Amino acid sequence: MLPIDVAAYRSPWRQLHPALKGTFCGGLLACALLLPAWPGAVLTAAVALVAALGPAGVPPRALARAAWVPLGFIATGSITLLVSVGGPDSMVAVDPNGWRRAAEVCARAAAALLCQLLFAFSTPLAELLPRLTRLGLPSALVEIVALMYRMLFVALDTAHRVATGQAGRLGYASRRAWIRSAGALGASLFIRSYDRARRMQRGLECRGYTGDLTVLVEEIPLRPAAVLAAGAAPLAVAATTISYGVLL
Amino acid sequence: MHIAEGFLPPVHAAAWTAAAAPFVIHGVGSLTRTVRANPDAKLLLGASGAFCFVLSALKIPSVTGSCSHPTGVGLGAVLFRPPVMAALGTVTLLFQALLLAHGGLTTLGANVFSMAVVGPWVAYTVYRLVRLLTASLPETTSLGLAVFCGTALASIGTYSVTSLQLALAFPDAQSGVLGAFAKFGAIFSLTQIPLAIIEGLVTVVIIRLLITA
Amino acid sequence: MTSLDTAGDGMAGTGPVILSGHSLRFGYDAARSGPVFEALDVEVRQGEVLAVLGPNGGGKTTLLRVLSGSLTPQRGTVRLSGAEVRWNRRGVNALRRSVQLVFQDPDDQLFSASVRQDVSFGPLNQGLKPDAVRDRVAWALEALGVTALAEQPTHLLSYGQRKRVVLAGAVAMRPSVLVLDEPTAGLDPAGVESLLETLDGLRAAGTTLLVSTHDVDLAYRWADRALLLDGEVLGIGPVREVLADPPLLEAARLRPAWGPAVGRALRGAGLLAPDAPDPSTPEEVAGITGA
Amino acid sequence: MTSLDTAGDGMAGTGPVILSGHSLRFGYDAARSGPVFEALDVEVRQGEVLAVLGPNGGGKTTLLRVLSGSLTPQRGTVRLSGAEVRWNRRGVNALRRSVQLVFQDPDDQLFSASVRQDVSFGPLNQGLKPDAVRDRVAWALEALGVTALAEQPTHLLSYGQRKRVVLAGAVAMRPSVLVLDEPTAGLDPAGVESLLETLDGLRAAGTTLLVSTHDVDLAYRWADRALLLDGEVLGIGPVREVLADPPLLEAARLRPAWGPAVGRALRGAGLLAPDAPDPSTPEEVAGITGA
């Protein structure tokens, strides 16, 4: 239903401990943001892309589709860097340094985006969320977050069917109808979400629910050597970038 | 409008995270207190959060080229109040980053600040204010006006904060932060202002249906 | 019951083609499991009841959605009264005006505060004047026998009532083809009978019905023709041919129907004339044997 | 199918009473429409399959919920293995441990994104140690034939798969009575057969089944006893008595079953011995007559 979510459960990296992927992607993300954009961002992007399309098994088309919207934001945002306004000569002028700034921002953001996508495409939330208690988050919050994750698919499915039904009755054929339909969809979704919560309450009570949504989370062994290996790639990128700068 | 991963310099990302943190911590605190007092609220809160996410994922086909939209911020604030919205909104934004690639992880703090803190508070304040000012009008008119103004202004407030965040990160070479704010504001207003009006209208329809249901 | 009458008319299932699909392909997620169907052909004839049967995942709902314009086929064409449907906004809306889809779960199609408001949703979107909308709504509520519920809030209705209101909402748009996904699911036997009677009324008024169901016995006694679907068309034709063929039913992962089995047994025992139709209900069995 | 075998054992439906309700009253909203039932008596016997049939609104789901501790009766008592259930927290929890209710809609009982985690919920609530929970989960997944789905996220499962996972969640608590609300609703015929086989396995292992359904033919061929319910008990007894009684079925607004009607016809024609059981499937008709 959500392409990134579906792909994450099929990723060959699914079974890896989330901490390993966190180290790998987080390290690369730090490289993209902290190192000089040239060649740091480019190297980071290359490593993330190779990892995504190679061992992590991210479908290229799904990756491209997911990247489309944020890339649009990055491009739109960078365009503003090309011009400067309110200068002494004219209201709007081409910023002579604009190109460099825009290119740097684009490179950094695109590389960072790839790191984020690599993590999202290889880490199913079902495996990540129950482990959030280890980070010291209150268990009530973690339970609510996990419930949200489960219920959002039920709600998404409902929303999809209601919208399809409305479209079938020409509910989106004009702008006026559109506003009426979207409003009715939102209201019906709200009512049904609450109804669902009540029914789930009843359903879970039968299974012994008394207020805690405790489940058995299987441990995935986390070997120090694996963490080191996951951290090696970002370190290599950092080392290469820094030595490139020193050598030049 | 979500700031993409990596678009903000690390110092700015960290600063906005710090700025959003107290609100989120306060929200989570009130959430856990609610749950402790009434364990049954857990399922309702889960459903509310799911509702917020789905509302924000609704596509608005008439507006193309918009990065994303804060639909639901205003409605959520009126229905659940701003502190709870800070917590639910943060989770929604995290899910959007991981499930839809809308908004990033390092920019989560900045996005939370604009969409889960400022947006809800603007919506709630404006809603209360308009309700007070229009108390003499018929109930449905007053409610409709308050909801419309609250939601539309929350949407515009959100996008203004985002523009400010970008302007602070990328000040204009000539005119500094103010000029940059004008640039970002102008370029995103093309999509965000019509969106704010539509969102206001849709939310009025939602609230009207909810009070008659 | 009615299938006997209409079969007697010699009309149903032999009229001109009103809605058809040609070489249709649709898949939800190409990467995961291939298309639901590929190169599917189907014809719905004016005035008939065409039942679509087959296993879950065999493509029943997907086919209904493609034929009613709620999904765009990835290949192939849909024709309405012979004219090819164009998959732009205007073409799809024209298709939706004539072909109305009703989902299995009524809650997916009820979203207004009151029954009357909900039924008026479609006619309003068709751009009708308030007076015309009022007439349409009154007529549709009457046709579905829910006039008494007009001012009720939708969430206080029973499941069966909600199913009827949703049908009224579709009927109010005066479609020439009504596409129903599992219309009898969740209804009790009395509710099923009363719904079938109502649908027979619509059909007598000229509406063509395309209906998916899991109930072989129901299709056997009520539909004119049956389409067996499991990723491809396994069989299509008069119910008394298609649903009386146990190997074919087994290929479509369906249970055999009672009527043909009992008919064969009774004919073998000489209780039923060789050219008499199979019984379609237990009551008919009792009638034949006088038991 | 199986009812023939178990009827042969002479055991099913004749065992000791394991769960019973006495003079039960329940109404959802006294102001609106009076109670769903008043002074209802029912007995479920060890090891049997008891099918509850009746019109919508007749109280099937309400009865199942009262007997499984999900609703508190407003009058009357529920007894588990002879001991009266006390409606305080401890008593209700004890009842829920032994009597597990599975709802019609699986999304009402699945709350975790992971199948394995979801199934572990019940055993954990019973206070079992992690190792014991792990064993229970593995065993329940195996019993429902969903071991292969253990690592799947629940939201990517089909409807039929979700139904099985919810059942696994209930079975993992090792209830002595499994109460199923419309377990076959929404399943295709092949899915129904495979679910019945699975349930037969549970029953062979000693679980008592209390099942509501609209499908008279299914109850006839699969259940041991039937309860006809429409605000009051219209009939309770072996399926071959209760469901072979057309006037009784009509009183419960149900359609007659095929099996008894055909049995009577075949006996009248001398094709079936007077003391032979009615056929319970179309295949059996074909077998009897050799057609």
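Here is how the numbers come out for the structure above:
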{"read-out": "Inter-copy spacing of D:Ser23 label points, which lie 7 Å from Cα along Cα→Cβ, given in nm from shortest upward", "value": "7.5"}
{"read-out": "Other protein chain Cβ atoms within 10 Å, averaged over every residue that makes up D:265-275", "value": "4"}
{"read-out": "Evaluated over region C:17-256, the Cα radius of gyration and Dmax, each in Å", "value": "17.6, 54"}
{"read-out": "D:Asp41 paired with A:His160, simple spin-label distance in nm, labels 7 Å along Cα-to-beta-carbon", "value": "5.2 nm"}
{"read-out": "Over 23 Å (Cα to Cα) - which of C:Lys60/D:Lys163; C:Lys129/C:Lys163; C:Lys60/C:Lys163; B:Lys42/D:Lys60 fall in this group", "value": "C:Lys129/C:Lys163; B:Lys42/D:Lys60"}
{"read-out": "Acute angle (nearest 10 degrees) that the helix D:89-98 long axis makes with the longest principal axis of chain D, alpha-carbon atoms", "value": "50 degrees"}
{"read-out": "Length-normalised contact order for chain B - Cα pairs under 8 Å, 6+ apart - percent", "value": "25 percent"}
{"read-out": "Chain A - percent relative contact order, Cα under 8 Å, separation 6 or more", "value": "31 percent"}
{"read-out": "Phi to ³J(HN,Hα) by Karplus 6.51 cos²θ - 1.76 cosθ + 1.60 over region D:267-273, Hz, x for Gly, Pro", "value": "5, x, 8, x, 8, 10, 4"}
{"read-out": "Cβ crowding within 10 Å averaged over residues, with A:8-20, A:160-172 ranked highest first", "value": "A:160-172, A:8-20"}
{"read-out": "Inter-probe distance in nm under a simple model that places probes 7 Å from Cα toward Cβ, at D:Ala251 and A:Asn97", "value": "9.4 nm"}
{"read-out": "C:Asp135-B:Ile197 FRET efficiency (beta carbon distance; Förster radius 45 Å; 0.05 resolution)", "value": "0.85"}
{"read-out": "Position D:Gly237, label points 7 Å along Cα→Cβ, spacing to each other copy in nm (shortest first, one decimal)", "value": "4.5"}
{"read-out": "Pairwise Cα inverse-distance average, inverted: Kirkwood Rh of region C:190-291 (Å)", "value": "14.8 Å"}
{"read-out": "Span from the region D:21-86 Cα centroid across to the region D:220-291 one, whole angstrom", "value": "26 Å"}
{"read-out": "Prolate/oblate/rounded label for region B:1-50 (Cα gyration tensor, a/c 1.5)", "value": "oblate"}
{"read-out": "Percentage relative contact order, chain C, counting C-alpha pairs under 8 Å, at least six apart", "value": "22 percent"}
{"read-out": "Label-point gap, in nm, between D:Ala148 and A:Asp89 - each point 7 angstrom along Cα→Cβ", "value": "7.1 nm"}
{"read-out": "Surrounding net charge for A:Met1, when Lys and Arg each add one and Asp and Glu each subtract one, Cβ distance under 10 Å", "value": "-3"}
{"read-out": "Cα gyration tensor shape of chain B, rounded if a/c is under 1.5, else prolate or oblate by comparing a/b with b/c", "value": "oblate"}
{"read-out": "Nearest-0.05 FRET efficiency for A:Thr214 and B:Arg81, computed from C-beta distance (R0 35 Å)", "value": "0.75"}
{"read-out": "10 Å Cβ neighbours from other chains, averaged over peptide A:100-113", "value": "3"}
{"read-out": "Packing-based order for B:153-163, B:83-93, A:57-67, C:188-198, using average beta carbon neighbours within 10 Å, highest first", "value": "B:83-93, B:153-163, C:188-198, A:57-67"}
{"read-out": "Highest to lowest packing among C:256-268, A:120-132, scored as the average C-beta count within 10 Å", "value": "C:256-268, A:120-132"}
{"read-out": "At most 11 other Cβ within 10 Å, DSSP loop - trypsin sites (Lys or Arg not before Pro), region A:198-236", "value": "none"}
{"read-out": "Around A:Pro18: net Lys/Arg minus Asp/Glu count, Cβ-Cβ under 11 Å", "value": "+3"}
{"read-out": "Kyte-Doolittle at least 1.6, axis length at least 15 Å by Cα - qualifying DSSP helices, chain B", "value": "B:41-57, B:82-95, B:176-212"}
{"read-out": "Buried solvent-accessible surface, both chains (C, D), 1.4 Å probe, Å² to nearest 100", "value": "2900 Å²"}
{"read-out": "Cβ-defined net charge surrounding D:Arg116, 12 Å radius [Lys, Arg +1; Asp, Glu -1]", "value": "-2"}
{"read-out": "Number of partner chain Cβ atoms within 10 Å, mean per residue of D:95-105", "value": "3"}
{"read-out": "Gain on full stretching of the segment that runs from A:Leu137 to A:Val42 - 0.36 nm per residue minus C-alpha separation", "value": "30.7 nm"}
{"read-out": "7 Å along Cα→Cβ, label-point gaps from C:Ala83 to other copies, nm, shortest first", "value": "7.4"}
{"read-out": "Shape of chain A, Cα gyration tensor, a/c cut at 1.5", "value": "oblate"}
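The values are calculated or read from the model by the stated rules, or taken from the named source; none is laboratory data. The shown structure was predicted, so the numbers you read here are calculated from the model rather than taken from an experiment. Note that we place each Cβ from the backbone using ideal geometry, even for glycine, and neighbour counts take in every protein chain shown. Note: accessible area is taken over every heavy atom of the protein model, side chains too, but ligands, DNA and RNA are not part of it. Shrake-Rupley method; radii C 1.70, N 1.55, O 1.52, S 1.80 Å.
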